[in-house]
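Following this message is one structure expressed as structure tokens.
The values are calculated or read from the model by the stated rules, or taken from the named source; none is laboratory data. Values in this document were obtained by computation on a predicted structure and should not be read as measured data. Quick reminder, even Gly has a Cβ in these numbers, built from the backbone with ideal geometry, and neighbours come from all protein chains shown. Surface accessibility is based on the protein's heavy atoms, side chains included, excluding ligands, DNA and RNA. Shrake-Rupley method; radii C 1.70, N 1.55, O 1.52, S 1.80 Å.
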Amino acid sequence: NLGVYIGGSAYGGGCSLLSGSEIIYAKNRGWESMLLWVGPQPPCTNISAPKFSSNPTTANQQGKNEAVAIHNRLIALGIDVGSTPVIYDFEPWNVSSSSCVAAAKAFIQGFVAQMHLPPAQRAGLYGSTCASGLYHFASITNRPDFITGAAWDNNPKVSVMPCISSSSWAVNSRHKQYRGDHNETWNGVTIL
């Protein structure tokens with residue numbers, strides 16, 4: 001799978017986004033794309049990025065707004081929106097702050113609820129298994145359909161993720177980023 005960022009307000013400056021035709025070109029040649037969106041981050045993060053509100057009601061609406069922006073971006077790229085999985089990138093934040101946890105849960109609940117409205121997309125969540133607090137979202141009402149946990153332990157087993165119970169997102173609903181930057185060669189093509 002090839003992780004492809006499709007946009008979001010926290011997307012890095014100076015980086016160009018692939019066009020819809022480039023994504024479809026890769027798909028037609030056997031590459032499956034994991035579509036990622038990097039929008040506002042939790043209000044208690046130290047990273048330099050736009051942040052969503054610490055007020056849970058406002059954060060919930062902002063999560064819904066991000067899902068609408070994703071839907072619109074998929075349409076602009078010419079990608080079929082029905083059942084298309086998109087992963088929200090959540091970078092590390094203060095996962096022990098109860099007020100921030102409440103805002104983050106509200107944001108993700110809004111995001112997932114809106115993503116599930118017809119024509120529904122599948123809502124994923126990416127982040128460090130511990131530092132991005134993915135475990136906080138395992139029991140919310142509108143929980144992500146799947147997670148992509150960053151745990152650079154060089155163990156490809158998706159059942160082994162620090163801070164995440166093996167029973168959370170157990171059946172075909174886990175991806176794992178088990179290694180940092182490195183080259184890989186597939187079908188004679190080396191990528192970083």
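Within the stretch 70-106, how many residues are part of a helix (DSSP H, G or I) and surrounded by fewer than 17 Cβ atoms within 10 Å (Cβ to Cβ)?
The total comes to 6.
Return the residue satisfying two criteria in turn: it lies in the stretch 147-159 and is of a type outside the set (S, T, N, Q) and buried (at least 18 other Cβ atoms within 10 Å of the Cβ), and of such residues it is farthest from the chain's Cα centre (by Cα).
Per the criteria, the residue is VAL158.
This table checks each residue for (1) under 15 Å from ALA67 (Cβ atoms); (2) without any contact (Cβ under 8 Å) to a residue 40 or more places away in the chain.
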| position | (1), (2) |
| --- | --- |
| THR84 | yes, no |
| TYR88 | yes, no |
| TRP93 | no, no |
| PHE107 | yes, no |
| VAL189 | no, yes |
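Residue check, PRO162 against (1) within 25 Å of ILE24 (Cα to Cα); (2) more than 14 Å from the chain's Cα centre (by Cα), all met but one. Which one?
It fails just one condition, (1).
Filter the stretch 147-186 for residues that are outside any loop (DSSP other than H, G, I, E, B) and farther than 20 Å from PRO92 by Cβ and give the result.
Across the stretch 147-186, the qualifying residues are GLU184, THR185, TRP186.
Any residue in the stretch 96-105 that is in contact with a His (Cβ under 8 Å, 6 or more places away or on another chain) and under 26 Å from ILE6 (Cβ atoms)?
Within the stretch 96-105, one or more residues are in contact with a His (Cβ under 8 Å, 6 or more places away or on another chain) and under 26 Å from ILE6 (Cβ atoms).
Filter the stretch 118-138 down to the residues that are over 19 Å from SER54 (Cβ atoms), outside any strand (DSSP E or B) and either modelled with pLDDT under 95 or open to solvent by less than 10 Å² (accessible area, probe 1.4 Å) (or both) and list them by number.
Of everything in the stretch 118-138, those that are over 19 Å from SER54 (Cβ atoms), outside any strand (DSSP E or B) and either modelled with pLDDT under 95 or open to solvent by less than 10 Å² (accessible area, probe 1.4 Å) (or both) turn out to be PRO118, PRO119, ALA120, GLN121, THR129, LEU134.
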